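Since the structure comes first, as C-alpha cells, the remarks are kept for the end.
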Amino acid sequence: SPDADEICDEVDNDCNGDVDDDPVDAELYYQDLDGDGYGDTSTGGLSCDEPIGATDLDGDCDDDDLSINPGSAEYCDGVDNDCDDEIDEADALDATSWFTDSDGDGYGSVDSEQVSCDEPSGAVPDTGDCDDEDADIYPGALEICDSIDNDCDGEVDGESAAGFSLWYADDDGDGYGADDSELGSCEAPSGYVESG
C-alpha cells in the first residue's frame, strides 16, 4: 500500500513505482578504493546490497594505501597507520623501551621504563643501572673493593674486583700460610696472610 515502508525485498512496497527505493532496512556502505576492507567515511551511502568495491566498515584515513586502515598496526614511521588520529604512539610495534638516566652514565634504571618511538629527554636505550644516582656505578664499570656492587652484576667485591687477593691461614704466626687454606677476599681475614 502507499502507506507501507519500503524494504529490501525487490518489491514496490509503497506503490510509488520504484522497487527498493530508500528502504528502511538499507545498510550503509563505503567506497573502498584500496581494497583493504575499510572505506572512507565521507563516501557512505545506503544500499540493499553491498556494491562492488564497497565495504560496510568505515574509518579508512587513506583509502589509496592498502596498509593504512583502522585494522592496521601502528609503526614508528611518521604515519597514522591505524587511523586513530595519533602518529607514532607508544603502542607502535617497533617502539623502543627507554630508561631514565639520572646520573648520566649511559645506563638507566629498569624501574624507569618508557616506551616511545622517539628518545625522551634524559633517557637511554640501555638499562641495568643498579644505582642511577651515582655515575660510577653501572653495568660494565670497574668493580673495586669498596663493599659496593660497582658493575651491577649482583655480586659485591667478587674475584674480578680491583684489590681482590688470595689469603692463606697462618696458624703458627710466622707470616706464611698453608697453601691448602687459600681464601679469596678484598681484605685479609683474621689469622690470614698474603704469602702461602
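The values are calculated or read from the model by the stated rules, or taken from the named source; none is laboratory data. Keep in mind it's a predicted model, so treat the numbers as computed, not measured. All Cβ positions, glycine included, derive from the backbone under ideal geometry; neighbour counts span all protein chains shown. Just the protein is used for accessible areas: all its heavy atoms, side chains included, with ligands, DNA and RNA removed. Shrake-Rupley method; radii C 1.70, N 1.55, O 1.52, S 1.80 Å.
Quantify, in whole percent, the carbon and sulfur part of the accessible surface of the chain (1.4 Å probe; protein heavy atoms only). It would help to have the intermediate numbers written out before the result.
Details: 5160 of 11620 Å².
Percent of accessible area from carbon and sulfur atoms in the chain: 44.
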In debye to the nearest 20, the charge dipole size for the chain, taken about the Cα centre with +1 at each Lys and Arg Cβ and -1 at each Asp and Glu Cβ, equals 1000 debye
Projected onto the charge dipole of the chain (unit charges on the beta-carbon of Lys, Arg, Asp and Glu, signs +1, +1, -1, -1), the Cα from Y30, A95, A73 with the largest positive-side position is that of A95
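I need the Kirkwood Rh of the chain: take the reciprocal of the average 1/r across all distinct C-alpha pairs and report it in angstrom. Walk me through the numbers before you get to the answer.
On the way: mean 1/r = 0.0422 Å⁻¹.
Taking the inverse mean of 1/r over all distinct Cα pairs, the chain comes out at 23.7 Å.
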Heavy-atom accessible area per residue of the chain, all protein chains kept, 1.4 Å probe, expressed in Å², is 59 Å²
Placing +1 on each Lys and Arg Cβ and -1 on each Asp and Glu Cβ in the range 125-196, then taking the dipole about the Cα centre, the residue among A141, G154, G177 whose Cα reaches farthest towards the positive end is G177
Once phi for every residue in the range 33-48 is put through the Karplus expression 6.51 cos²θ - 1.76 cosθ + 1.60 (θ = phi - 60°), the whole-Hz ³J(HN,Hα) values, with Gly and Pro written as x, are 5, 8, x, 8, x, 10, x, 6, 4, 6, 9, x, x, 7, 7, 6
Taking N as the residue count of the range 7-53, its alpha carbon Rg divided by 2.2 N^0.38 Å gives 1.35
